[in-house]
Amino acid sequence: MSKGFENKVAIVTGGSRGIGSRIVAMLCDRGARVYFTYHRHEEEAVGVEKEYPAHKILCPQGDMSSIERSVDTVVKQSGGIDILVNNAGITSDQYLMMMPDESWQKVLDTNLSGAFRWAKMVSRPMLSAQSGVIINIASVSGLVGIAGQSNYAASKGALLAFSRSLAAELGPRGVRVNAVVPGFIDTDMTARMQRDIKKQNIKRILLQRFGTADEVANAVLFLASEESSYIVGQALIVDGGLTSTVA
């Protein structure tokens, strides 16, 4: 029985932890040849590489030269790139009046400009092949207002607009671009949330729980597969119903 991704080459940015590591794992389980990037979390990256037949790449989101070299290496080793998952992202939550300029710039550069750099480099071999899939991992913070996340919300909201525009550019040439929009997901990031804040947020979710990294990864795999071959320029929201009740 086909696993669905045999002979497919995938790059997952930020694949050493959380949602990214589960995307790496599921793509590997379904037969893809997977490369994933990391920056600071080398120990976790080594662990993922040991557990799955994936290849780690040390590559900061802000280094265009490093990204270009990484893409060239993958193409030389594998013959092309079929899937890019722009997952790498950071938060630096602070109220606007207390937010240093560096916090604003770092979040925007990692979450938004990093995705731009990867998409730009990967689009070249994809356009040559007239085939490929780019999936950008956004957030419900880009859809609804969450206090203290003006930098993160700006980056993720802009990523959704970027996805739509890129879909319009690349779609006619065989490259599909979509976004996945996670809500509150059980990861290291939400584990740091105060218990009372977590309870308040769960009350806003129709399913009355946080989601799992696997549930987000399943959405990514669907959009990367041939089963979604007529879906382009869309945002698939995976939030347990959080945003469905917002007017």
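The values are calculated or read from the model by the stated rules, or taken from the named source; none is laboratory data. Predicted model only: the values in this text are computed from it and were never measured. Every residue, glycine among them, receives a Cβ derived from its backbone with ideal geometry; neighbour counts consider all protein chains shown. Only protein heavy atoms, including side chains, enter the accessible area calculation; ligands, DNA and RNA are left aside. Shrake-Rupley method; radii C 1.70, N 1.55, O 1.52, S 1.80 Å.
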Output the qualifying pairs, or none if there are none: Cβ atoms under 7 angstrom, residues six or more apart or on different chains, first residue in region 194-219 and within 15 Å of T243 (Cβ to Cβ) and in a strand (DSSP E or B), second residue open to solvent by 100 Å² or more (accessible area, probe 1.4 Å) and of a type outside the set (V, I, T).
-> none
Restricting attention to region 217-246, which residues are open to solvent by 70 Å² or more (accessible area, probe 1.4 Å) and either acidic (D, E) or at positive phi (or both)?
-> E226, E227
Residue among N136, N151 that alone is farther than 14 Å from T91 by Cβ, open to solvent by less than 30 Å² (accessible area, probe 1.4 Å) and of a type in the set (S, T, N, Q) = N136
Of residues in region 31-58 being under 23 Å from I185 (Cα atoms) and touching an Asp or Glu at 6+ places or on another chain (Cβ under 9 Å), the one most open to solvent (accessible area, probe 1.4 Å) | Y52
Sort through D214, D196 and tell me the only one that's charged (D, E, K, R), open to solvent by 10 Å² or more (accessible area, probe 1.4 Å), touching a Lys or Arg at 6+ places or on another chain (Cβ under 9 Å) and farther than 22 Å from S123 by Cβ.
-> D214
Restricted to region 67-107 and to residues being touching a Ser or Thr at 6+ places or on another chain (Cβ under 8 Å) and among the polar types (S, T, N, Q), the residue surrounded by the most Cβ atoms within 10 Å (Cβ to Cβ) is N86
Those residues of region 81-104 which are closer than 30 Å to R69 by Cβ, at pLDDT 90 or above and not aromatic (F, W, Y) amount to I81, D82, I83, L84, V85, N86, N87, A88, G89, D101, E102, S103
Scan the strands (runs of 3 or more DSSP E) fully inside region 29-138 and keep the ones with 2 or more residues being free of Cβ contacts under 8 Å to residues at least 24 places away in the same chain and touching a strand residue (DSSP E or B) at 6+ places or on another chain (Cβ under 9 Å).
-> 54-58
